[in-house]
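The values are calculated or read from the model by the stated rules, or taken from the named source; none is laboratory data. Because the structure is predicted, anything quoted here is derived from the model rather than measured. Glycine also receives a Cβ, built like all others from the backbone with ideal geometry; neighbour counts cover every protein chain displayed. Surface accessibility is based on the protein's heavy atoms, side chains included, excluding ligands, DNA and RNA. Shrake-Rupley method; radii C 1.70, N 1.55, O 1.52, S 1.80 Å.
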There are 2 protein chains.
Amino acid sequence: MNDPSLNREGAKSREIRLKSRLVGMPSADNFELVTVPVPRPASGEVQVRNLWMTVDPYMRGRMADRAIYARSARPGKEVPEGAIAEIPASNSTMYGWRPSFQVGEVLEGGAIGEVAASDDPRFKPGDLVSSWFGWRERFNASAASLQQLDTVGLPPQAFLGVAGMPGLTAWVGLLKIAMPRPGDVVFVSAASGAVGSVACQIAKLKGHTVIGSAGGAAKCAFVKDIGVDHVIDYKAAGDLTEALLHVAPAGIDVYFENVGGEHLEAALAAANPFARFAICGMISQYNATELPTGPRNIMFVMGKSLRLEGYDIATYLDFMPEFHREMTSWIQEGKVTWRETVDHGIENAPAAFLKLFKGENFGKMLVKLG
Amino acid sequence: MNDPSLNREGAKSREIRLKSRLVGMPSADNFELVTVPVPRPASGEVQVRNLWMTVDPYMRGRMADRAIYARSARPGKEVPEGAIAEIPASNSTMYGWRPSFQVGEVLEGGAIGEVAASDDPRFKPGDLVSSWFGWRERFNASAASLQQLDTVGLPPQAFLGVAGMPGLTAWVGLLKIAMPRPGDVVFVSAASGAVGSVACQIAKLKGHTVIGSAGGAAKCAFVKDIGVDHVIDYKAAGDLTEALLHVAPAGIDVYFENVGGEHLEAALAAANPFARFAICGMISQYNATELPTGPRNIMFVMGKSLRLEGYDIATYLDFMPEFHREMTSWIQEGKVTWRETVDHGIENAPAAFLKLFKGENFGKMLVKLG
């Protein structure tokens, strides 16, 4: 049966739009909440009422003027608004490079919702679906742009975290990029986070010695709880290289990079020959408005035959089915756990997003809608 | 017939020893010339009179206190002389990490020589051999530590350059590390050098558009002569990123890194998504005594899914036979050429080595002995 709130005139939805491009630390002023009508779904369309949406650090890149990256390579050079001088438009298309969000338009991101009305035989009211239409309460979309969600007994929001894109990001980065070998020591930064905590647990499941860094006693205690061998509280550690070498006196073989800056320098210093770095994120750098300091010991890449490899999970989506099978089993067997920080209401989504850059989330940051 | 200079007392040799560890730009004072007796070869030994020796930038690393690298990661921390805190001794052995030269001992490096006397049936006087016993005029060594050299009609010193370790370094870095794909644009720094000029020519033979950087008009003319599509004179170019994007408006897909510093930043800025960097050398950084500036746009490794991979040619010596077959054919067919700068006499070997860091060599730097 279709949602009774859908009268002849349709329903309403509130959504978050980008009000201005981000420069430096994002603030609430960069966003605006707008109410829009949602008509009855047209033929072949489905109307979805979102239950959960995710906020993730990578979204910041799509909210900023990407040209800041170009400027960081070219001190003193101004690049026109919107220009991505160093990434030719042809490549943007070719590699599915996600375009920037446009000012005045609704944002996008992962969401889990419930079908409210359907004019497509593949979906019926009450079905759970995952989509790319986050940052809004309700929407119409073509059936082809939605995915049926079988939660296999897990809470639905797990598919925005440990069993969703962040989990896949950890699984791919560790197993397909860094490819640890038996006996390898694995270092994971932001080890209490949505991605890092999964990377740590997979590395433990695969039999590795794991070192994790996190900020503050509570997060460090959680990292210890999920089985990590050595935890570094980077806020209290002083010299991070010293701290890392202290717990990894024989060096590290794999670095799962989420942070950048001093973390990257410490990992380069502690790396054993032939160590592999999965470069997943560098959250310490995202809000920089001036040229950040690069890793001063980059020469170790040559001197110790290191491999540093960046990746965009969009390139590896074909692993999703394999990942899903493995991860849902691990969760059902109690081998993988996770933490969530849940804020409520679409109007609080920007504030939830901002928490990511202040380390105020604990584990996966989510917004519960409806 | 054995060398007639070998009287009953044996011969003499002059050799270059490390007088003091290098700090900053090396100088003649770091080396000393010493005359030593060379007795008749013992049973199973061969006496070799060197004809050619090589000087290469990588040697600097073995002449310095390696701990300088550790310090570069740990500002303000002193590391005891000789300590390589970040590379555990177990790994040094495990991966064949070459130890530092010791002060007061003769240096080592590639050399081509002629057998002067032999007490092993595998070698006879007049045979050409290649060895690791450079930096000396004459030496005795076990037959097992020498390799017969069949020059296949090439000048013997080619096996210290284009057909030797530098050539293999170019071949491996390009074909086994960066692995260019059809249509890729390849950027090579130090493109007139012993390694870079070979990397450029192999990339052209494989059908790629090639961009090379070199310092000064003469070197740039040579780079153009060997078929490189676009040459950047980095000494005259001003902003290197601008210069690179000017000749590679659609970006680069492969970077063969010999230089570091501004070159690395330019390559990161101009890289297309999924570009691969073979990190062979960073000569601009070798003499740094203070913390160098790291690449400020390192975040592109993540944002553009780049792979940066350092390597030590010692790891890839098993490719030598395949490389030799391919390279000697290319040379015989006139498809690969090279330049040499030749200094004469063991007493001038340190000065020849110093030229490498001032860009005063042109192509392969060699010292002719005897």
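Quick one: B:Gly334 ticks every box in (1) open to solvent by 60 Å² or more (accessible area, probe 1.4 Å); (2) over 17 Å from the mean Cα position of the chain (by Cα); (3) at negative phi except a single one, so which number is it?
Failed condition: (3).
Mind counting the residues in segment A:156-198 that are among the aliphatic types (A, V, I, L, M), part of a helix (DSSP H, G or I) and open to solvent by 10 Å² or more (accessible area, probe 1.4 Å)?
So the first thing to find is which residues in segment A:156-198 are among the aliphatic types (A, V, I, L, M), and the list is A:158, A:160, A:162-163, A:165, A:168, A:170, A:172, A:174-175, A:177-179, A:185-186, A:188, A:190-191, A:194-195, A:198.
If we keep only those that are part of a helix (DSSP H, G or I) as well, we get A:158, A:160, A:165, A:168, A:170, A:172, A:174-175, A:177-178, A:198.
Next, from what is left, pick out any that are open to solvent by 10 Å² or more (accessible area, probe 1.4 Å): A:160, A:165, A:175.
Of the residues in segment A:156-198, 3 are among the aliphatic types (A, V, I, L, M), part of a helix (DSSP H, G or I) and open to solvent by 10 Å² or more (accessible area, probe 1.4 Å).
Of all residues in segment A:88-122, count the ones that are assigned to a loop (DSSP other than H, G, I, E, B), at pLDDT 70 or above and within 20 Å of A:Arg62 (Cβ to Cβ). Talk me through it step by step, then tell me what you get.
Going residue by residue through segment A:88-122, those that are assigned to a loop (DSSP other than H, G, I, E, B) are A:88, A:95-105, A:107-108, A:110, A:119-122.
Still in the list and also at pLDDT 70 or above: A:99-105, A:107-108, A:110, A:119-122.
Subset that is within 20 Å of A:Arg62 (Cβ to Cβ): A:99-105, A:107-108, A:110.
So the answer is 10.
Quick one: how many residues across segment B:292-320 are aliphatic (A, V, I, L, M) and either touching a Pro at 6+ places or on another chain (Cβ under 7 Å) or farther than 18 Å from B:Gly261 by Cβ (or both)?
Selection size over segment B:292-320: 6.
Might you check whether a residue that is farther than 21 Å from B:Gly261 by Cβ and facing another protein chain (nearest Cβ under 7 Å) occurs anywhere in segment B:333-351?
Applying the first criterion (farther than 21 Å from B:Gly261 by Cβ) to segment B:333-351 yields B:333-351.
Filter once more, so that each one left must be facing another protein chain (nearest Cβ under 7 Å): none.
Within segment B:333-351, not a single residue is farther than 21 Å from B:Gly261 by Cβ and facing another protein chain (nearest Cβ under 7 Å).
For segment B:18-36: of the residues being charged (D, E, K, R) and open to solvent by less than 80 Å² (accessible area, probe 1.4 Å), which is nearest to B:Leu107 (Cα to Cα)? Steps first, answer last, please.
Keep residues of segment B:18-36 that are charged (D, E, K, R), which gives B:19, B:21, B:29, B:32.
Now restrict to residues that are open to solvent by less than 80 Å² (accessible area, probe 1.4 Å): B:21, B:32.
Details: B:Arg21: 12, B:Glu32: 10 Å.
Among those residues, the one meeting the criterion is B:Glu32.
If we scan segment B:343-359, do we find a residue that is without any contact (Cβ under 8 Å) to a residue 12 or more places away in the chain and under 22 Å from B:Ala199 (Cα atoms)?
Here is the first cut: in segment B:343-359, the residues without any contact (Cβ under 8 Å) to a residue 12 or more places away in the chain are B:358.
Narrowing the set further to residues that are under 22 Å from B:Ala199 (Cα atoms) leaves B:358.
Yes, the conditions are met somewhere in segment B:343-359.
Can you pull out the residues in segment B:131-148 that are of a type outside the set (D, E, K, R) and open to solvent by 30 Å² or more (accessible area, probe 1.4 Å)?
Let us first name the residues in segment B:131-148 that are of a type outside the set (D, E, K, R), namely B:131-135, B:139-148.
Once the filter is applied, which keeps residues that are of a type outside the set (D, E, K, R) and open to solvent by 30 Å² or more (accessible area, probe 1.4 Å), segment B:131-148 yields B:Trp132, B:Phe133, B:Asn140, B:Ser142, B:Ala144, B:Ser145, B:Gln147, B:Gln148.
Would you be able to tell me the number of residues in segment B:211-246 that are outside any loop (DSSP other than H, G, I, E, B) and more than 14 Å from chain A (Cβ to nearest Cβ)?
If we filter segment B:211-246 for residues that are outside any loop (DSSP other than H, G, I, E, B), which is where we start, we get B:211-214, B:217-225, B:230-233, B:240-246.
Restricting the remaining residues to those that are more than 14 Å from chain A (Cβ to nearest Cβ) gives B:211-214, B:217-225, B:230-233.
Summing the residues that are outside any loop (DSSP other than H, G, I, E, B) and more than 14 Å from chain A (Cβ to nearest Cβ) in segment B:211-246 gives 17.
At pLDDT below 95, more than 14 Å from chain B (Cβ to nearest Cβ) and not in a helix (DSSP H, G or I), is that true of A:Glu360? Before the answer, list the steps.
Numbers: at pLDDT below 95: yes; more than 14 Å from chain B (Cβ to nearest Cβ): yes; not in a helix (DSSP H, G or I): yes.
Yes; evaluated as a whole, the condition is true for this residue.
Of all residues in segment B:254-302 being in a strand (DSSP E or B) and open to solvent by 10 Å² or more (accessible area, probe 1.4 Å), which is farthest from the other protein chains (Cβ to nearest Cβ)? Spell out the reasoning first.
Taking segment B:254-302 first, the residues in a strand (DSSP E or B) are B:254-257, B:271-279, B:294.
Next cut, open to solvent by 10 Å² or more (accessible area, probe 1.4 Å) only: B:274, B:276.
Values: B:Phe274: 7, B:Arg276: 9 Å.
Looking at residues that are in a strand (DSSP E or B) and open to solvent by 10 Å² or more (accessible area, probe 1.4 Å), I get B:Arg276.
B:Phe323 versus (1) assigned to a helix (DSSP H, G or I); (2) surrounded by fewer than 20 Cβ atoms within 10 Å (Cβ to Cβ); (3) away from chain A (no Cβ under 14 Å): which is the lone unmet condition?
Here B:Phe323 clears every test but (2).
For segment A:222-237, give me each residue that is open to solvent by 50 Å² or more (accessible area, probe 1.4 Å) and over 23 Å from A:Asn272 (Cβ atoms).
Listed by number, the residues that qualify are A:Lys224, A:Asp225, A:Lys235, A:Ala236.
Say we look at segment B:39-70 and pick out the residues that are open to solvent by less than 10 Å² (accessible area, probe 1.4 Å) and at pLDDT 95 or above; which of these is nearest to B:Gly24 (Cα to Cα)?
Checked segment B:39-70; the qualifying residue nearest to B:Gly24 (Cα to Cα) is B:Val55.
Tell me, please, whether a residue that is small (Gly, Ala, Ser) and at pLDDT 95 or above can be found in segment A:317-332. Spell out how you get there, then give the answer.
To start, the set of residues in segment A:317-332 that are small (Gly, Ala, Ser) comprises A:329.
Pick out the ones that are also at pLDDT 95 or above and you get A:329.
Within segment A:317-332, one or more residues are small (Gly, Ala, Ser) and at pLDDT 95 or above.
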